[in-house]
Structure formats: structure tokens, C-alpha cells
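Accompanying notes for the structure given below.
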Amino acid sequence: MVRCVFLDRDGVINANVERDGCAVAPTRLEDFRFLPGAHQAIRRLKSAGFKIIVITNQPDLATGRTDAATVEAMHAKIRDELEVDDIKICGHLDADDCHCRKPKPGMLLDAAAEWGIDLSKSYLVGDRWKDVEAGRAAGCLTLFVDHGAAQDGPLRPDKIIGSLAEAAAFILGEKHRGDFP
């Protein structure tokens, strides 16, 4: 079976923007920029044999704050510059109660079926409680990138880290282990 590192998009591989005092996803391509160390961290994980799959909630599609062409342009930039294998997206709102919107594990389960991923030997790296809960529900080891933002739900990660680079260092240090703690 394949091992994977699932990455949330906004706040993990690219910078959030501020809107109404909150850190949120960019809605314009000109505001989309990679976080320092993202390229190297993903390259190191790929070199170690992990699949890299981005899983991202994008409710701004449902609200009309951004359009599909802009989101796809951002994802084209990710595909062009980062060594990712796939990008899974949920464009719904919480009220839609779909299977793919984090904290539900639908995107991870779909990716696991498509790519032959062993979720029990995989990781999820995210910066919101919903990311962590989706990873937990799928059976992954969860790493929370702590930017100091208040969370509006339960936060129960396996490990708290400060960046994707730190997550890669942790994951690569654990790669030799057969089981997670």
C-alpha cells in the first residue's frame, strides 16, 4: 500500500489573507503565494516516497466570493511549482452536509480508494480543527500547523508543529517506524 501526506492548502502550503480580522483563503490569484519552505518540504517528502495530495475546503466557491477559474488557476500554480500528485476540493458550505467537506473524511477516503493509499500509514497536515478531525476520522496521524489562530471546534492533533517544513522533518524522522504512537 501507498503512504501519503495529505496537505490542507490555505495556511499550510500557501499564505492566508486577512479579511474582517480573520485569516482566510485568498480569493484572487494575485494574492496567492506559497509559504516559505513549502517547495523544499514537499520535495523532501516526495523523495522519501510519499504521495502528496492536497485536500481543501473552498466555500468561497459556493458563496460566489471567488470563481472556479480563479481556484483552478491557483491549483495550476500548485501543480506547476510543487510536486503534488493530486488536489481534492470541496466547494460546498457546512450547511450542504456533503461527504467531502472537512471535518468529514470524504476527500481522504476518495483519494485512498483512487490511489491505493494506506490511511493508517499516512499523515494529514492542516491548520484548522476541521483538517485534524478529517484526518483522525480517516485514520491518519494528524499534524496541526499552529499559527496562533483561535479554533471554533475541538483540536486534538497527534502533533502540533509550526510549519510544513517542521511537519516534513517530523514525518521523515518517523518514516522508519512501522506503527504510529
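No lab work stands behind these numbers, since they all come straight from the coordinates. It should be emphasised that the depicted structure is a prediction, and the values quoted were computed from it without experimental measurement. Backbone-built Cβ (ideal geometry, glycine too); neighbour counts: all protein chains shown.
For the reader, a short list of remarks on this structure follows.
- Helix 164-174 vs. the chain, principal-axis angle (Cα, 0 to 90°, nearest 10): 20 degrees
- Each Cα pair under 8 Å and six or more residues apart adds its sequence gap; the mean of these over the residue count of the chain is a relative contact order of 24 percent.
- Region 94-181 shape via C-alpha gyration tensor axes, a/c threshold 1.5: oblate
- Set of lysines near Lys77 by C-alpha distance (under 26 Å), chain-local residues within fewer than 8 positions excluded: Lys46, Lys51, Lys88, Lys102, Lys130
- Remark: relative contact order (region 1-56) = 51 percent; criterion is Cα-Cα distance under 8 angstrom and separation of 6 or more residues.
- Contour minus Cα-Cα distance for Asp110 and Met1 (0.36 nm per residue): 37.7 nm
- Reach of Lys159 by Cα under 17 Å, taken over aspartates and glutamates that are not fewer than 8 positions away in the same chain: Asp8, Asp127, Asp131, Glu133, Asp146, Glu174, Asp179
- On the beta carbon distance between Glu81 and Ile160, with R0 = 30 Å, the FRET formula returns roughly 0.65.
- With both labels modelled 7 Å from their Cα along Cα-to-Cβ, the Lys88 to Asp20 distance reads 2.9 nm.
- Cα centroids of region 1-22 and region 59-80: 14 Å apart.
- Within the chain, Cys4, Cys22, Cys98, Cys140 have no other Cys Cβ under 4.7 Å of their Cβ and so lack a disulfide-compatible partner by this rule.
- Report note on the peptides 125-133, 67-75: ranked by the mean count of other C-beta atoms within 10 Å, highest first, their order is 125-133, 67-75.
- Residue of Ser47, Ser122, Ser163 that the Gaussian network model of the chain assigns the largest fluctuation, springs spanning Cα pairs under 10 Å: Ser47
- Listed by Cβ neighbour count within 10 Å, with the fewest neighbours leading, Leu143, Leu45 appear as Leu45, Leu143.
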